[in-house]
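Below is one structure, written out as structure tokens; comments come after it.
The values are calculated or read from the model by the stated rules, or taken from the named source; none is laboratory data. Only a predicted model underlies this, so the values are computations on that prediction, with no experimental measurement involved. Virtual Cβ from ideal backbone geometry, glycine too; neighbours counted across all protein chains shown.
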Amino acid sequence: MDMNFTPEEIAFRDEVRAFLTERLPEPLSAKVKGGKRLGKTDYELWHQRLNERGWLAWHWPQEHGGTGWTAIEKHIFEEECVAAGAPRVLPFGLNMLGPVLIKFGSDAQRAHYLPRILNGDDWWCQGYSEPGSGSDLASLNTKAVRDGDHYVVNGQKTWTTLGHFADWIFCLVRTDSDCKPQAGISFLLIDMATPGITVRPIITLDGEHEVNEVFFDDVRVPVGNLVGEENKGWTYAKYLLTYERTGIAGVAFAKTGLAHLKDVAAKQMKGGRPLSRDPLFAARVAQVEIDLMAMETFNLRMVSAAQSGGVPGVESSMLKIKGTEIRQEITDLLRRALGPYAAPFVPEALDEGYNEPPVGPDYANPVASQYFNMRKVSIYGGSNEIQKNIVAKMMLGL
């Protein structure tokens, strides 16, 4: 969606573009645009360069290292980064834990952890879901029992994204079983090097090692690592999830994906003419573009409200539902546009330096992996079915 920017906003956009041209390495951008695998060092490099410029925690308050940008400036920055092929900034420390510590953490926790998040000293992962406790997160069973100045943690977390790289994990744990489930949960910060923690890989459908299961066997955690109050973790968890769900919508990523889809549809032929001129296919592309334009406007309203001191609420659930549906539709249409070329999937082709001739167009190989990967976005962060229940309850009173 084209927007009418003010001269000041145009100048800011030019500043962002100049920074990206100067500081985003071309090989890294090529990896992102080509759908190649990114390693830990790729994420750390971009994290460091954004932090050096002071543009890393653009959604934090200025007193904690934020930028003070307006809603439009945040929108411009995100769009330009995605369009340039910058790696996504991993959300666990910056977008999830950071806001929780800023709002609910102690002064000592903010003073210690926030600078380390910005500097990249700590790589965080999220310990929420468990086997049997995914969308019904309040049923979690990982327990933390107070023992003097420590908690002793036992249990299991699953679907822990990039947990094999993490130094720390923020965890929901049960500290009281004699009350309703939501009332007995606490929020702990746990050093992944603590004895008793085991990380095991989960290999997903596309052959990737992105997620893990994490086991806790008599893990001792200092009481000072409790965020906020004991048994109030559900409040902090919900606050964190509003930020996660807003990010999952991925407006900028959807816009870049739609542009790529249109480009592919213009190149692929059906019946002697470009697929983009096929009425049925063109209608589906038009519908997803309309939905994306509406979602972008809604997202800007949310960002603007947050700028004025508001906190994402049920709107984040609405944005998560529509955003994930749009991203899934774009990858589905891209798969359909490529036809049989979307079927071959060579995992090694996603590695940097793979030089075998591609099967079909050079942009075909990542499509299967991207399609598979997008299947999960309507599930994690609270499944879309659960989000619809939240909307029905909070907005419609059902």
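On the stretch given as segment 52-64, residues that are surrounded by 18 or more Cβ atoms within 10 Å (Cβ to Cβ) and not aromatic (Phe, Trp, Tyr) total 3. If only residues of segment 339-375 that are in contact with a Pro (Cβ under 7 Å, 6 or more places away or on another chain) and within 24 Å of Ala254 (Cβ to Cβ) are counted, the one that is surrounded by the most Cβ atoms within 10 Å (Cβ to Cβ) is Asn365. Checking segment 35-43 against the condition returns a match, with at least one residue being farther than 27 Å from Lys103 by Cβ, surrounded by fewer than 19 Cβ atoms within 10 Å (Cβ to Cβ) and hydrophobic (A, V, I, L, M, F, W, C). Which one of Met295, Met318 is in contact (Cβ under 8 Å) with a residue 40 or more places away in the chain, surrounded by 15 or more Cβ atoms within 10 Å (Cβ to Cβ), under 17 Å from Ala71 (Cβ atoms) and among the aliphatic types (A, V, I, L, M)? Result of the check over Met295, Met318: Met295. Here Thr160 fulfils each of the conditions (1) surrounded by 20 or more Cβ atoms within 10 Å (Cβ to Cβ); (2) in a strand (DSSP E or B) apart from (2). Of the set (1) assigned to a strand (DSSP E or B); (2) in contact with a Pro (Cβ under 7 Å, 6 or more places away or on another chain); (3) over 30 Å from Pro344 (Cβ atoms), all apply to Thr242 but (1). In segment 12-24, the residues that are touching a residue at least 24 places away in the same chain (Cβ under 8 Å) reach residues that are of a type outside the set (A, V, I, L, M) and not in a helix (DSSP H, G or I) with C-beta atoms within less than 7 angstrom, at least six apart or across chains, in these pairs: Arg13/Phe5. Which residues, counting only those in segment 248-276, are of a type outside the set (A, V, I, L, M) and farther than 23 Å from Asp362 by Cβ? Scanning segment 248-276 gives Gly250, Gly271, Gly272.
Considering segment 72-81, and only residues there that are buried (at least 20 other Cβ atoms within 10 Å of the Cβ) and not charged (D, E, K, R), the residue that is modelled with the lowest pLDDT turns out to be His75. Looking only at residues in segment 175-218 that are over 28 Å from the mean Cα position of the chain (by Cα) and not in a loop (DSSP other than H, G, I, E, B), the one that is surrounded by the fewest Cβ atoms within 10 Å (Cβ to Cβ) is Asp218.
Taken over segment 374-386, the criterion of being in contact with a helix residue (DSSP H, G or I) (Cβ under 8 Å, 6 or more places away or on another chain) and either at pLDDT 90 or above or more than 12 Å from Asp136 (Cα to Cα) (or both) is satisfied by Met374, Arg375, Val377, Ser378, Asn384. Counting only helices (runs of 4 or more DSSP H) that sit wholly inside segment 1-95, those with at least 2 residues that are farther than 28 Å from Val346 by Cα are 7-23, 40-53, 71-84.
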